[in-house]
Amino acid sequence: MKKKFFTLIGSVALCVSGMMAQEVATWENWAKSAITFTFDDGANEVNSHSWAADELNKYGFKATFYVVTGWTHDWSAYKQMAQKGHEIGSHTDSHSGNSSELSSSKSTIERQIGQPCLTIAYPNCNEISNTLNYYIGGRICGGQTNSKSPQNLARFDCQICGDQGINSQSQMTSRCSGANGGWMVFLIHGIQGRQANGSYSPTSADAFTGTLQWLNQNKSDYWVCTARDAIMYLKERDAASFKKIASDASSDTYSLTLNQSLTSNTLCKWDYPLSVRVPMQSGWSNMKV
């Protein structure tokens, strides 16, 4: 069981909080919904993936890049993306459904990137058995928005973009606004006109950049994050017990505990920060943690 404590120290003045109890946010920074851009393959797409990462970086957004390890020759580009907070996940070794590639592709990515590889995108969207023995989540392509607490993270869903899916800013932003507190995931291969020759179902560059601009304009409502971070957050949020354990006139002390059903899962450290808020005592003007 993982437990953290923190104490709030208040200074006295005439101030009354309208909040009734402590809360854990549904998504980071109290965003209404989570949005994840995922990018597949890495053979013909590395240049457009690098371009897309640069566009995301302009707004502080993070994305997940699923690479086929046997097709990927420019690991330095993906390592640079990872160093800026993007996730590099597995798309297997050979774009096959062979379950033996769950472990081998994960090992290759961790060796090349120097960070844990925690999620996978299934080739051709077909689930591979035993995925959750190696990863905290696996992506399918059914076109649905995920709930805030998906029941089966071996099958989190996404919307295909490009000429085989949706390919306009209005379509993409409509899916974002329709997330309704859930987790919307997009699947992109290459970006049209951005050195993605031969890429399957390339996505319009204008649709992509326009959607990023729209999300930035509505940043308080949407958390644009990696698949890894969304899963870590939602799993920790649902496993958290957040309680006040002590109080006096000048301080309140809270504990936040993650239950053992999560912490016994050793695939990752389960240490992604949760956003929380607590009421301020009547008569306090400010407080420090």
Paired Rg and Dmax values of segment 215-289, which use every Cα atom, in angstrom: 16.0, 45
May I ask you to give the percent of accessible area on the chain that is carbon plus sulfur, with a probe radius of 1.4 Å? 45 percent
Count charges around Ala34 for me, please; just the other residues with Cβ under 10 Å from its Cβ, Lys/Arg as +1, Asp/Glu as -1. 0
Amide H within-cut-off set for Phe65, under 5 Å, with H built and near neighbours excluded: Phe39, Glu87, Ile88, Gly89
Taking every other residue with Cβ under 15 Å from the Cβ of Ala207 and scoring Lys and Arg +1, Asp and Glu -1, one gets -1
Helix 227-239: angle to the longest alpha-carbon principal axis of the chain, degrees 0 to 90, nearest 10? 30 degrees
Percent of alpha-carbon pairs separated by more than 20 Å within segment 35-160: 39 percent
With a 1.4 Å probe and all protein chains kept in place, how do Glu28, Glu87, Glu127 rank by accessible area, largest first? Glu127, Glu28, Glu87
Taking Cα atoms, the helix 46-57 axis meets the longest principal axis of the chain at an angle in degrees (rounded to 10) of 20 degrees
Treat segment 174-244 as a sphere of radius equal to its Kirkwood radius over Cα pairs and apply Stokes-Einstein at 10 °C in a medium of 1.306 mPa s; give the translational diffusion coefficient in µm²/s, rounded to a whole number. 109 µm²/s
Tell me whether segment 129-206 comes out rounded, prolate or oblate; compute the Cα gyration tensor, take square roots of the eigenvalues as a ≥ b ≥ c, and use a/c under 1.5 as the rounded threshold. oblate
Restricting the count to DSSP beta bridges whose residues both fall in the chain, what percent are antiparallel, rounded to a multiple of 5? 45 percent
Read-out semi-axes √(5λ) of the Cα gyration tensor in Å, candidates [x] 43, 20, 19; [y] 28, 24, 21; [z] 37, 22, 16; calculated match is [z]
For the chain, longest principal axis from Cα atoms; helix 101-113 axis from its Cα atoms; angle between them, nearest 10 degrees, is 70 degrees
The set of residues whose placed amide H lies less than 5 Å from the amide H of Phe186, leaving out same-chain residues fewer than 5 positions away, is Thr36, Phe37, Thr38, Gln159
Charge dipole magnitude, Cβ of K and R +1, D and E -1 - the chain, Cα centre, debye nearest 20: 880 debye
Is segment 49-113 rounded, prolate or oblate when judged by the Cα gyration tensor, a ≥ b ≥ c being the square roots of its eigenvalues, rounded requiring a/c under 1.5 and prolate requiring a/b larger than b/c? prolate
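The values are calculated or read from the model by the stated rules, or taken from the named source; none is laboratory data. Remember, it's a predicted structure, so these values are computed and weren't measured experimentally. When we count neighbours, we look across all protein chains shown, and the Cβ atoms used for this are built from the backbone with ideal geometry, even at glycine. Heavy atoms of the whole protein, side chains included, go into the accessibility calculation; ligands, DNA and RNA do not. Shrake-Rupley method; radii C 1.70, N 1.55, O 1.52, S 1.80 Å.
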